[in-house]
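Data block below; observations after.
The values are calculated or read from the model by the stated rules, or taken from the named source; none is laboratory data. Predicted model, so just to flag it, every value in this text is computed and none were measured. Note that we place each Cβ from the backbone using ideal geometry, even for glycine, and neighbour counts take in every protein chain shown. For accessibility, only protein heavy atoms count, side chains too; no ligands or nucleic acids. Shrake-Rupley method; radii C 1.70, N 1.55, O 1.52, S 1.80 Å.
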Amino acid sequence: MSAMRISDGVEWAVHVCGILAAVPGGRGVPGARLAEFHELPPAYLAKHLQALSRAGIVTAGRGAKGGYRLARAPSQISLLDIVLAIEGAQPAFRCTEIRQRGPCPTPPSACRTACPIARAFHDAEIAWRAALAGVTVAEMNRLAIAEAFDEQRIERFQGWLSEAMQ
């Protein structure tokens with residue numbers, strides 16, 4: 001079974017927001033350090049951090065306590081917010097009215113409403129967006145810690161984060 005294709009940038013942005021959710025108030029993490037954490041290309045991640053910043057998901061500060069931080073509480077940032085920041089608001093499926101082409105075209109007068117194919121994709125998009133809107137960065141972090149972190153990994157992460165904020 002094929003999966004819907006979401007850009008790598010969305011995955012990266014969600015992971016970065018998860019890291020930033022652990023940053024104490026008033027502190028930030030430099031973009032290069034965020035890229036280093038998952039061995040991502042810094043320039044490419046920087047482009048996505050800028051998109052997150054334009055969308056009001058992260059802010060960037062300068063100086064000794066500079067770097068990126070979440071612009072609002074992790075419980076107020078949904079996965080849909082991140083997807084829209086990185087991918088844009090355009091729907092995944094865009095009908096091109098292919099039914100009006102070929103040797104047996106449907107006349108324009110019969111195409112005043114969306115066809116069953118377009119309606120099915122539209123309905124799926126609405127459900128997909130609603131599902132992502134219902135999941136927050138805070139919830140993702142809670143699940144990730146419960147499923148993949150033991151005490152030693154938590155300590156390593158906290159050590160890395162302390163060093164990254166310096």
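Normalised per residue, the accessible area of the chain is 63 Å², obtained with a 1.4 Å probe and no contribution from ligands, DNA or RNA. With r defined as the distance between the Cβ atoms of Trp160 and Ala114 and R0 fixed at 45 Å, what FRET efficiency is calculated, to the nearest 0.05? E between Trp160 and Ala114, to the nearest 0.05, is 0.35.
Only protein heavy atoms count here; on that basis, with a 1.4 Å probe, His122 has an accessible area of about 110 Å². The string of couplings for region 69-82 from the Karplus curve (6.51, -1.76, 1.60, θ = phi - 60°) is 8, 5, 7, 8, 4, x, 6, 9, 10, 9, 4, 5, 4, 5 Hz, one whole number per residue in order, with x for Gly and Pro. Each Lys or Arg adds one and each Asp or Glu subtracts one; over the other residues with Cβ under 12 Å from the Cβ of Trp12, this totals -2.
In the chain, the longest principal axis of the Cα atoms and the axis of helix 8-20 are about 30 degrees apart.
Surface calculation, 1.4 Å probe, protein heavy atoms: Tyr44 sits at approximately 90 Å² accessible.
Give me the percent of accessible area attributable to carbon and sulfur for the chain, probe 1.4 angstrom. Reported share for carbon and sulfur atoms: 57 percent. When the Cα positions of Ala130, Pro107, Ala89 are compared along the charge dipole of region 66-166, Pro107 comes out farthest toward the positive end, with charges on each C-beta of Lys, Arg, Asp and Glu. All Cα-Cα distances of region 1-64, cut into 10 Å bins from zero to the largest, leave 19, 56, 20, 5, 1 percent in each bin in turn. Per residue, the convex hull spanned by the Cα atoms of the chain amounts to 153 cubic angstrom.
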